[in-house]
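Structure, as structure tokens:
Taken together, the values in this text are just the output of simple stated rules run on the coordinates, not laboratory data. Note that the structure is a prediction, hence the values are computed from the model and not measured. Using ideal geometry, Cβ is built from the backbone for each residue, glycine included, and neighbour counts are taken over all protein chains shown.
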């Protein structure tokens, strides 16, 4: 039976009859689905932005949505002209916040130009609609990326690396630049899945540092990127209250968006919360 925490498939698909068919297959494979039929789902205003990850307008809202949802698979109907996949896919597949999301695109077999264009901009798999229909369960199962949460649980029972202890202590002293180096050293020293805990704290530290430097774009990008590393972690990992870290980062991100680029200097610094430890064995609030 499908549950609310089942892996998610997001689809840029507008054909209601076809989405119903995909829904049945996805449910049988224990996936949830969410359909986005047109670009206006993310608002009506498209704002010209600098090259790279957008932080303004409809395209930025799309990246924000995908980074927050962290779908196991993105389905793209190349015949859906209501979604500008030609401009969105290059951003999705190049942004550090979303590029790990696998993309399965399908289109009319006669439209080889569109299918080649999807390949060129980074879609992980591109097939004709006929093949997608005929082989849907296999294609979804083979292309989707699902997190092995059990693989993270054991490393999360281990102790913090000494460099991480140092980095977190500096983080909690609001020495975000120095904290970044300690956490990076811990990340480099650990080659297992538990290292993503260090990357997560590091990226939150960099986001806070960018806010202090009044770099709105840099802070937004770091908040978007950190979601993919925080999402697979259990609520407590190596004595760190990851659930609280997630919540604190999202609260700070929402406050930053509300202020906008021109108001970053007014950011409430008390929202840069310390890393909370649930282990009584270590006190890192030195």
Original post:
For labels at residue 215 and residue 133 in the simple 7 Å Cα→Cβ model, what's the distance in nm?
Top reply: 5.1
Subject >> Percent RCO, i.e. relative contact order, over the range 152-271, from Cα pairs under 8 Å lying at least 6 residues apart >> reply: 24
**OP:** State, to one decimal in nm², a quarter of the convex hull surface area for the C-alpha atoms of the chain, i.e. the direction-averaged projected area.
**Re:** 15.8
Subject >> Estimated distance in nm for a label pair at residue 184 and residue 120, the labels positioned 7 Å out from Cα along Cα-to-Cβ >> reply: 3.7
Original post:
Considering only the chain, what is the antiparallel percent among its DSSP beta bridges, to the nearest 5?
Top reply: 15
Original post:
So for the pair residue 250, residue 79, with labels modelled 7 Å out along Cα→Cβ, what separation do we get in nm?
Top reply: 3.7
Subject >> Radius of gyration, Dmax [the range 152-271; alpha carbons; angstrom] >> reply: 13.9, 44
